[in-house]
Amino acid sequence: METLRKKEIMNNKQPIINIAVIAHVDAGKSTLVDALLSQSGVFRENQEVVDCIMDSNDLERERGITIYSKNCSIMYQDIKINIVDTPGHADFSSEVERILKTVDTVVLLVDSSEGPMPQTRFVLNKSLEQGLRPILLINKIDKKDQRAEEVVDMVFDLFVELKANDEQLDFPILYGIAKEGIAIKEMDDEKIDLKPLFETIVDHVGLQDDKSLEPLQMQVSSLAYDDYIGRLGIGKIYSGTIHTGEQVEVCKRDGSFQKAKVNQVFVYRGLSRVEVKEAKAGDIVVVSGMPDISIGETIGEINQVQPMELIEIEEPTLSMNFLVNKSPFAGEVGKFVTTRHLRARLEKELEVNVGMTVEELEDTTDGFKVSGRGELHLSILLENMRREGYEVAVSKPEVIMHRDDAGHLVEPVESVLVSVPDTYSGTVISKLNLRKGRMEGMYSEEGWTKLEFVVPTRGLLGYQNEFINDTHGEGTLVRRFFDFEDHKGDIPQRQNGVLISQFNGETMAYSLFNLSERGELLIRAGVKVYEGMIIGINSRNDDMTVNPTKNKKLTNVRASGSDEALKLIEPREMTLEQALEFINDDELVEITPTDIRIRKKILSELDRKRSNR
């Protein structure tokens, strides 16, 4: 290994290794990447470093999850290691799959007490399908309830179940504490730093053959967008060298060939994207100058393009209507409120978000049907839009149905893993059965029940809030796309009706206090409301129109006890995802930079009655 390394460096060809860090949500991917960056000397001694530095987006920091895959590079003994931090949430699984095509190995992180989770299974399966030989890192071994040895056996069983070959089954095993920057090869080794992980990566992958003198072959695996230079293609150079300003040929998704010019070439150094004159085989690069470049397309030399196998872009499973906001409060706080603004923003999103599709609505010119991989996928877009100053009204999410080869209607179903205290398991089983779920497994240990279900995506819409209430916030529910199955028939919607404001005005504590006996409130006193706006959840199953703006009549008579300050129960404040889950077909979520409101599509009570007839 040492001789090989010296020979490479003497030839002035820097060896490159590409790795991805994959895991279930919250297993410590971003924390591990922080530690790798830190111990490779990327940061200056006096530099202030935040946690999860790769989660650079405001939304990622707030939610504590990785949403967009990101690249960085580190140096270890004159070897350049490109690292890809991947999203762990199932809604972004297609992005993980594309990223895996660019790497030489993956570091699979598994929590030392949780063991393999549903998304662990998905990312590992995709890695094995690509022929990669993973490195297993059992993380968080400092937990009191760690069971590292048992978890290793569980992961091995998962490899066997996923039909790993003999080479893949012979995977290196490390143990670590990512937040402390520690990796060890045996549980009783001295805990110092991540050197054992660096050594394992280099020894496991080895140094690749130099293919920089062969014809150029580069495949685009993800996209980015820059306001100044336009669309950017990101991918790995499999062979050859790419130069700034050179003429190339692109094999498109439809099989046609198109000539293009490379305007700029960027590579990753540390956390920065640096412009270079040329980049060689093995590196992950960013190229500009091709405004219509897309995922899976191959870039090569003119008349010498060797098309690579196309990367499949997974189809959307969920759609929502994005409509111009027409509520009485429209335009009060947002900067971008028209159809033109909405269209321009969605077109910009399509530049980089390949898992999304946008169609114009047939029955109105004021909106678009936007389809994506799941609720989180679309709500992230909406959250980014409201932060940018957009106002938009959104309809209830709808599952996209398909027809199989025989013409039968099929729908997406999801694998659901539930962990709840034994006390609540009966309620959860009953609710999931009502939602056409099929139990696949159930086992109990130390007061907790674990349930495995296969449930239609339709049945899971709106269930998260109910689940939190049913389990008093103690349960966890993890879901991922499983397959398409025959249509399951009607699934019951929300059981409760809503309290709808009858007037425009400002809410009064006096009226809200009286209304709190009728159901759960969604707003506080002193909030502006309009006719048709939903202000609470009715305790019964029908909708009720109420007056939240009514105040107590003032008189000269004072009575002891009747004029004490009113104490209102804290209202339930819904997040964007909760609001989208909550609404019914005749309701909309109004999203502005400062507020998230829920309203009826038809605001007037009289018009609603006419429509219902």
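The values are calculated or read from the model by the stated rules, or taken from the named source; none is laboratory data. Values in this document were obtained by computation on a predicted structure and should not be read as measured data. Virtual Cβ from ideal backbone geometry, glycine too; neighbours counted across all protein chains shown. These area figures cover heavy atoms from the full protein model, side chains too; ligands, DNA and RNA do not enter into them. Shrake-Rupley method; radii C 1.70, N 1.55, O 1.52, S 1.80 Å.
Working out 0.36 nm times the residue gap between Asp203 and Ile313, then minus their Cα-Cα distance, what length gain in nm do you get to one decimal?
So the chain would gain 36.3 nm between Asp203 and Ile313.
Starting from the alpha-carbon convex hull of segment 331-453, give the projected area averaged over all orientations, in nm².
12.0
How big is segment 165-294 along each principal axis, measuring the range of its Cα positions in Å and listing the largest first?
In descending order, the Cα extents are 58, 36, 27 Å.
Provide the FRET efficiency to the nearest 0.05 for the Ile173-Asp607 pair, computing r from the beta carbons and using R0 = 60 Å.
E between Ile173 and Asp607, to the nearest 0.05, is 0.35.
Might you report the magnitude of the Cβ-based charge dipole of segment 226-278 about its Cα centre, with Lys and Arg at +1 and Asp and Glu at -1, to the nearest 20 debye?
120
Largest first and in whole Å, what are the equivalent-ellipsoid semi-axes of segment 273-395 based on the Cα gyration tensor, each being the root of 5 times an eigenvalue? Walk me through the numbers before you get to the answer.
On the way: eigenvalues 257, 59, 32 Å².
Gyration-tensor ellipsoid for segment 273-395: 36, 17, 13 Å.
Determine which residues of segment 304-332 fall in the zone a paramagnetic label at Glu214 would reach in this model, i.e. backbone nitrogen under 12 Å from the point 7 Å along Cα→Cβ.
306
Please give the Cα centre distance for segment 214-230 versus segment 232-248, rounded to the nearest Å.
Going from one Cα centre to the other spans 8 Å.
Given H placed on each backbone N at 1.01 Å, which residues far from Gly181 in sequence or on other chains put an amide H within less than 5 Å of it?
none
Amide H of Val265 versus every other amide H placed in the peptide plane: which residues, excluding those fewer than 5 positions away on the same chain, fall under 5 Å?
Close amide H contacts, sequence-distant or interchain: Val276.
Subtracting the Cα-Cα distance from 0.36 nm times the residue separation, let me have the gained length for Lys277 to Asn263 in nm, one decimal.
4.0 nm is the gain from fully extending Lys277 to Asn263.
Among Thr449, Val420, Leu323, which residue has its Cα positioned farthest towards the positive end of the charge dipole of segment 309-462, with +1 placed on the Cβ of Lys and Arg, -1 on the Cβ of Asp and Glu, and the dipole taken about the Cα centre?
Of Thr449, Val420, Leu323, it is Leu323.
Kindly report the accessible area of the chain per residue (heavy atoms of protein chains, probe 1.4 Å, no ligands, DNA or RNA), in Å². Intermediate values should be presented prior to the final figure.
Details: 29220 Å² over 613 residues.
That works out to 48 Å² for each residue.
Whole-Hz Karplus ³J(HN,Hα) for segment 299-312, in order, using 6.51 cos²θ - 1.76 cosθ + 1.60 and θ = phi - 60°, x for Gly and Pro?
Values per residue, Gly and Pro as x: 9, x, 6, 4, 6, 10, 5, 10, x, 8, 4, 4, 8, 6 Hz.
Putting +1 on Lys and Arg Cβ atoms and -1 on Asp and Glu Cβ atoms, find which of Val478, Tyr175, Ala509 reaches farthest to the positive end of the dipole of the chain.
Of the listed residues, the answer is Ala509.
When the expected Rg is taken as 2.2 N^0.38 Å, what fraction or multiple of it is the alpha-carbon Rg of segment 561-611?
On the way: Rg = 15.7 Å, N = 51, 2.2 N^0.38 = 9.8 Å.
So the Cα radius of gyration is 1.61 times the expected 2.2 N^0.38 Å.
Net charge near Leu521, counting Lys/Arg +1 and Asp/Glu -1 over other residues with Cβ under 11 Å of its Cβ? Show your work: numbers first, answer last.
Numbers: positive: Arg518, Arg524, Arg572; negative: Glu517, Glu520, Glu570, Glu573.
Net charge in that neighbourhood comes out at -1.
Which distance in nm do the two modelled labels at Thr364 and Asp486 give, with both placed 7 Å along the Cα-to-Cβ direction?
Here the answer is 3.7 nm between the modelled labels.
Quick one: 3J(HN,Hα) in Hz for segment 587-593, Karplus 6.51/-1.76/1.60 with θ = phi - 60°, rounded, Gly and Pro as x.
Whole-Hz 3J(HN,Hα) from phi for segment 587-593: 10, 9, 9, 9, 10, 10, x.
Would you please state the base-10 log of I(q)/I(0) at q = 0.26 1/Å for segment 297-344, with intensities from the Debye formula using one equal scatterer on every alpha carbon?
-1.01
Just to be sure I understand: of the beta bridges DSSP finds with both ends in the chain, what percent are antiparallel, rounded to 5?
About 85 percent, rounded to the nearest 5.
Describe numerically, in nm with one decimal, the distance between label points set 7 Å from Cα along Cα→Cβ at Asn469 and at Arg387.
3.0
Given H placed 1.01 Å from N in the peptide plane, which residues other than close sequence neighbours of Ser212 have an amide H under 5 Å from its amide H?
Gly240, Ala281
Going out from 0 in 10 Å bins, what whole percent of all Cα-Cα distances in segment 211-267 drops into each bin?
In whole percents, the pair-distance histogram is 20, 57, 22, 1.
Identify which of the listed values of semi-axes √(5λ) of the Cα gyration tensor in Å was calculated from the structure shown: [x] 35, 33, 24; [y] 40, 31, 23; [z] 48, 30, 24.
The listed entry that was calculated here is [z].
Just grab the label-to-label distance for Asp166 and Asn551, each label 7 Å out from Cα along the Cβ direction, in nm (one decimal).
Simple spin-label model gives 8.5 nm for this pair.
Using Cα positions and a limit of under 27 Å, work out the lysines in reach of Lys431, with same-chain residues fewer than 8 apart set aside.
Filter leaves Lys396, Lys450, Lys488, Lys600.
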